[in-house]
1. Across 10 Å bins from the origin, how do the percents of Cα pairs in region 332-385 run, short distances first?
2. Please arrange 363, 203 by counting, for each residue, the other beta carbons lying within 10 Å of its beta carbon, fewest first.
3. Can you quote the Å³ per residue value for the convex hull of the Cα atoms in region 362-439, rounded to an integer?
4. Among 137, 343, which comes first, then next, by fewest other beta-carbon atoms within 10 Å?
5. Given the convex hull over the Cα atoms of region 84-478, what projected area results after averaging over all orientations, in nm²?
6. Give me the percent of Cα-Cα pairs in region 196-252 that sit more than 19 Å apart, rounded to a whole number.
7. State the extension gain, in nm to one decimal, for the chain segment bounded by residue 455 and residue 247, taking 0.36 nm per residue of separation less the distance between their alpha-carbons.
8. Would you mind calculating the relative contact order of region 84-478 from Cα pairs under 8 angstrom and at least 6 residues apart, reporting the percent as a whole number?
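Every number here is computed from the coordinates shown, using simple stated rules; none is lab data. Everything numeric here is computed off the predicted structure, so don't read it as measured data. Don't worry about glycine lacking a Cβ; one is built from the backbone with ideal geometry, like all the others, and counts go over all protein chains shown.
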Amino acid sequence: MSISLQFLTTTSPTTAAVVAASSSLIPQSGALFRFLRNHHKQIVNYSHGVGPLLCGSKLNLIRPNPVLFTSSNQFIKGFEDSRRSIAAYSAASDGSASTESSSSAAADDEPFKDAAEIVSDAEEEEFGFNLPDVDRWDVLGLGQAMVDFSGVVDEEFLERLDLEKGTRRLVHHEERGKVLRAMDGCSYKAAAGGSLSNSLVALSRLGSLPVGGPVLNVAMAGSVGSDPLGGFYRAKLRRAGVDFLSTPLKDGITGTVIVLTTPDAQRTMLAYQGTSSKINYDSGLSDIVSKTSILVVEGYLFELPDTIKSITKACKDAHSNGALVAVTASDVSCIERHYDDYWEIIGNYADVIFANSDEARALCNFSLKESTASATRYLSHFVPLVSVTDGPQGSYIGVRGESVYIPPSPCVPVDTCGAGDAYASGILYGILRGVSDVKDMGTLAARIAAVVVGQQGTRLRVQDAVELAESFAFHLEDSSI
C-alpha cells in the first residue's frame, strides 16, 4: 500500500494565514509540513465539535479511558554513590571529590580522574563537528540529558542482581551504586546518552551533507548540572553535531543511565535522573523554540508536574510560530503513570508521535492481544503522522486512520539499544527532506535502524550516515513535493 502525502493541502483562509505566517520555517519542499499542521488543527477542532474533519471520513474521536495507576516518584535529590570512581569524578552531594581509593579501585577509577579522559564513541573523537552560529533550528529536542554507562553482561549478571531483562526503570543512588560495584572488572564506557540525543545525533549526521536540501541545524535543550558530568555531556554532544543550548544548573546533578546489554542484543536500563527531568521554560528557551521548524518532546520528561507545564508552554509557542510538534512515547511505565498528561499534549499539540508497539498499545489503552497495526490506526485518528516500531517484525506508519506496514531492513543484530531512536531520526529526516511517500519514508527509517542494530553502541556512525544520506538521494530527487 502506498500513501502519498502530496494530497495534503487546503485552501481555507485560516490555513493560508498559518502557512504565510510560518513560511520562513518551511523548507522549499514543505507540503508535508503544511499537511501535518493543517490536519492536526482539523482533528482538534473536530474533536471539540467546532469544525469539520476535511481530509477523511468522520472518525469516532473518543479519547481512550485512562487506566489508573499508583503514582510513583522515585527521584532522589542527593548525589551520593558508593562507587568511588563516580563520586570522585562527578562530584558528591556535598560538592567535594572523594580522595579515598584502594589498589583495586584505583585502576578501575583511572578513566574518571578527569572529564577529558572519559571514553566515548571512538569515531566521535575522529570526526568532530564545527557547529556554526545559526539563527534558526531545523529540529530542537526537548529532553533528558543523561550520561550513559554502557557495557555487555551475561544473563547470570542480571539474575544475580534481580534485574528484569529488557526493561527500563528508575533507580535511587544506592541501587545504582550496587550495580556499578557489580560491574567492577567489566568493560564499559561513558557517553553523552539519552534516547532523544541518539535521534538528534543521527539526524545531524544524516543532514551533514546538502543532499536534497541544505545542511540541517539540530539542537537540544535539557537540564544538566554544573558538575563535570554536565560539562562532559555538553562537550560530547556538540562534538557529535548537536548544539546543547541550555545553561547548566548551579549545584545541579547530571543524570546517568546504566545500559546493560546481554549477548542476545537485549538491553536493560537503569536510570538515575538527577536534574535531567527538570526543564525551566524561561525567555531564552522560548526564543529558541520560536526559531525552530520541528520541536521534539521526549516522553521521559512527563515524570515531573512542573516539567509538564514547561512542555505545554513550549508546544504552544512552537505552534504559534508555525513549527511542528513531535512527541516520543519513550516508556510504557511512564505512560501508565502519566496517562492523562500524555494525552493532554498528544491530543492538543502533537503532529507526529514516535512509539514502539507496547507504548502504542498503552497509549490506546489496548490489551496485548491487539495488533500493532490496530494501535497505529487508532492513534492516527488523533495525530496526523504516527510512527510505531515493532522490533524484528518491522514497523508501521499511520496516516488518516490507515496503517502502512514497513518490513524490517535485513541485518545481523548486535545491540538493539538505540534502534527506535535511529528509526525516529529517519522519519524526521524524511519530513525535512520532503519525502512524499509514506512507504519510502518508513523504508528509509528502517534502514537507518538496521545499521544501528548491527553495531555495538546506540549512535549512528558518521561514515554510515553519509553513505545512507547519499543512497537516499534518488528518493529525494524523484519526490514531486
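1. 26, 61, 13
2. On the way: 363 27, 203 31.
Fewest to most other Cβ atoms nearby, the residues stand as 363, 203.
3. 106 Å³
4. Working: 137 24, 343 17.
So the residues, fewest neighbours to most, are 343, 137.
5. On the way: hull surface 73.0 nm².
It is 18.2 nm².
6. 32 percent
7. Working: separation 208, 0.36 × 208 = 74.88 nm, distance 3.30 nm.
Extra length available between residue 455 and residue 247 comes to 71.6 nm.
8. Values: 836 pairs, mean separation 63.4, N = 395.
RCO, region 84-478: 16 percent.
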